[in-house]
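One structure is given here, and the rest of the page talks about it.
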Amino acid sequence: MGAIYVMWLRQLIRFWRTKSRIIGSLAQPILFLVALGFGLGPMFSAAGGGDYIQFLAPGIIGMSILFTSMFSGMEVIWDRQLGFLKETLVSPSSRFGIFFGRTLGGATVALIQGIVLLGVTMLMGFRPLSLMNIPLALVFMFFLAYIFTALGTGLASKVADMQAFPLIMNFIIMPIFFLSGALYPLENAPTAIKGIAVFDPLSYQIDALRDLLTGASHFGLGIDIMVTIFCILVVTLLGVYLFNKIEV
């Protein structure tokens, strides 16, 4: 437990010391909200889809958490180059504790940014269906952050090149995001897109957030919960396996 707490706290301290990351990480989601929410909003409404901001906001919140979570893996590569990772791995702490602490810390940072963005969306006109559902929505936001932080940390364990990691992450993140239904309703999507979305883990977290915050759902909250729990188990086992194989 000591290693988990230390690594979690270290991630938060690092985040606090680089608060400018919050502003930078919020720029892209806010751009999407403005350009798509207000730019395509009239067409979405004219097509009978209702208020596009209401539909778009949960997807953009999920996007912000996804990008922050996956790119938190870069800290593994950075610590490896600075020699801190080697010092950590040779300590009495278990590698599972180190991995789990890092993952919890990165997920907490991503959740904080997701909460900030939720506030921004509300300032831009987004209105949750019920304030009572927000605590449960925050739980799903943390689950989303945990899944992709664990995945990013595990993948970073196998990449030693700081320049190659962002390219690999973008290659993975972009399909996950654009095929998840975050920007468009899956009900009206082509059959091929629907088929791919079924195997996209982000689809279920976005769907859960949309259900809790707006009342609209494609898969159903029960399925979203089951798939999310399954994904947490899979990425934890995969991340621990890859982290155990890390070479410094």
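Observations on the structure shown:
- Members of the range 210-226 that are among the small types (Gly, Ala, Ser) and in a loop (DSSP other than H, G, I, E, B): 215, 216, 217, 220
- Checked against (1) surrounded by fewer than 16 Cβ atoms within 10 Å (Cβ to Cβ); (2) part of a loop (DSSP other than H, G, I, E, B); (3) β-branched (Val, Ile, Thr), residue 159 meets all criteria but (1).
- Flag for residue 154 being touching a residue at least 12 places away in the same chain (Cβ under 8 Å), over 16 Å from residue 231 (Cβ atoms) and buried (at least 18 other Cβ atoms within 10 Å of the Cβ): no
- Residue pairs meeting the criteria (Cβ under 7 Å; at least 6 apart or on separate chains; first closer than 18 Å to residue 129 by Cα, in the range 207-227; second assigned to a helix (DSSP H, G or I) and of a type in the set (Lys, Arg)): 216/210; 217/210
- For the range 7-14, the criterion of being at pLDDT below 60 and either closer than 22 Å to residue 213 by Cβ or part of a helix (DSSP H, G or I) (or both) is met by at least one residue.
- Members of the range 228-248 that are surrounded by fewer than 19 Cβ atoms within 10 Å (Cβ to Cβ), touching a helix residue (DSSP H, G or I) at 6+ places or on another chain (Cβ under 8 Å) and within 30 Å of residue 188 (Cα to Cα): 232
- Flag for residue 132 being within 20 Å of residue 214 (Cα to Cα), at pLDDT 90 or above and either surrounded by fewer than 22 Cβ atoms within 10 Å (Cβ to Cβ) or not charged (D, E, K, R) (or both): yes
- Count of residues meeting criterion [within 26 Å of residue 110 (Cβ to Cβ) and without any contact (Cβ under 8 Å) to a residue 24 or more places away in the chain] in the range 39-61: 1
- For first residues located in the range 165-183 and surrounded by 16 or more Cβ atoms within 10 Å (Cβ to Cβ), partners that are among the polar types (S, T, N, Q) and modelled with pLDDT of 90 or more and lie 6+ apart or on another chain with Cβ distances below 7 Å form the pairs 180/203; 181/203.
- The set of residues in the range 105-127 that are surrounded by fewer than 22 Cβ atoms within 10 Å (Cβ to Cβ) and not polar (S, T, N, Q) comprises 112, 115, 116, 119, 120, 122, 123, 124, 125, 127.
- Within the range 165-202, being closer than 30 Å to residue 77 by Cα, more than 15 Å from the chain's Cα centre (by Cα) and β-branched (Val, Ile, Thr) holds for one residue alone: 168.
- Residue selected from the range 48-73 under the condition more than 15 Å from the chain's Cα centre (by Cα) and buried (at least 16 other Cβ atoms within 10 Å of the Cβ), by the criterion modelled with the lowest pLDDT: 49
The values are calculated or read from the model by the stated rules, or taken from the named source; none is laboratory data. Bear in mind that the values here come from a model prediction, so they are computed numbers and not experimental data. Here Cβ is always computed from backbone atoms with ideal geometry, including for glycine, and neighbour counts include all displayed protein chains.
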